[in-house]
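What follows draws every value from the coordinates through simple rules; no lab data is involved. On a predicted model such as this, the values are computed, not experimentally measured, just so you know. Here the Cβ positions follow ideal geometry from the backbone for every residue, glycine too, while neighbour counts run over all protein chains shown.
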Amino acid sequence: MATIRSHHQIFHLVDQGAVLKQKHLTLLFIIITTVISLHSVRAVEKAPIVNKYHGLSRFDDLKYPEDFQHFNYVNPNAPKGGKIKIAAIGIFDTLNPYMQTGTHISQIPPLNFFSLGFLGLNEPLMMGTGAYSPTGDESKSAYGLIAESVEYPDDNQWITFNLRPEARFHDGKPITADDVEFSFNYLKKKGPIRYQVQLKPVDRVEVLDKYKIRFHFSEYGNRDQLFCAAELPVLPAHYWNNQHNEKSKLTPPLGSGPYKITHVEPGSSVTFTRVDDYWGKELSINRGKYNFDQITVYFYQDITIAFEAFKAGILTIYFEPISKNWAKAYNFPGISSRKIKKVEIPTKMIIGSPMIVFNTRRAPFEDIRVREALGYLLDFEWSNRTLFEGSYIRANSYFPPKSCKGSSIRSCNIL
């Protein structure tokens, strides 16, 4: 009996051990399952929200919706045709804007003060910021040009560009993600310093398909870096892979924009002709723009010579940069005979300004009284009246006046 009882006890103990082991396994399974579930929930909670838009805005929402027809500052029904001749002050020695040496026509005043679509630059992925066709009524917004739309997460770690299948270079070849990838690699390694600096935040690019490419950034959180990618000019890989083109300084590179260079007088003039079958002429961002059939830019080393060329009838239009001349130099026969019309057009575009900036984090400029005292030291009213013929308006802010709409004058001042 004792032996049997002992065996029963042994079997009973073994049975209890098996049950206990099973309970431990079950508990372990529940714990693992719970951890995995919690991890999955957290992963879902932390997954960045991906935004898809027709444009990018640095500060506020985009002014223009996805289905907008044209920018407010253009005449969508403007007639097309005619020729225009303008002046630039300086001398160019290359038509290749992507070399590390030389002076390209886009770097010569007044061409770097306004953009009319004929700078000889390749079209970027998006227009509105950068050197190519900035928007006239938004401080930092970009709209799709070669890229139809963009996608990016809230942490701005990457941005995807969806290219327009209809986009074409002037030779008829389609613009693809491979061209964008080539442009990034070429300009970051061999391009001018300004492009190397622009593309520095980009870690790598990833071709997703023929018309889709993603830019990955080294850091996250910075909205500005999205524009670094959006402003990338797209070069034709099949053209630039020919090493000869790197050395051909006065051969107009292959582009894709509304104008192309058709005639060059080295160091003297460049003629742009409108492309009749330009792929993007019906886009809402281009409607009402690029209306002249032909534009010729004459280059002068001195502004006085340029003004004399205008008086002689060589130039069609002249932008006067000197306030004293505007007040006193326009008394020549062309004005009196009314063959030349003198017109003052107040600008409504957001433009930059030359200025001296104090480091307000350091003494003595951190004291608002010091900054206010320096303001009183400058007799702006006397200088404007005596030296500049009353042509200027005193600025009270870094920002355009419309940015202060609804604010008191004092709150809009930055001292």
Protection proxy ranking, peptides 249-257, 357-365, 370-378, average beta carbon neighbours within 10 Å, highest first: 249-257, 370-378, 357-365
Sorted by mean Cβ packing within 10 Å, highest first, what order do the peptides 138-151, 93-106, 312-325 take? 138-151, 93-106, 312-325
Members of LYS83/LYS342; LYS260/LYS342; LYS52/LYS212; LYS63/LYS83; LYS212/LYS249; LYS63/LYS289 lying beyond 22 Å, as alpha-carbon distances in this model show: LYS260/LYS342; LYS63/LYS83; LYS212/LYS249
By how many nm would the segment from ILE335 to TRP382 lengthen if fully extended, with 0.36 nm per residue of separation less the alpha-carbon distance? 13.9 nm
Sort 382-394, 225-237 for me by packing, meaning the mean count of neighbouring Cβ atoms within 10 Å per residue, highest on top. 225-237, 382-394
With a 10 Å Cβ neighbour count serving as the proxy for reagent exposure, in which order, fewest first, do THR273, THR135 appear? THR273, THR135
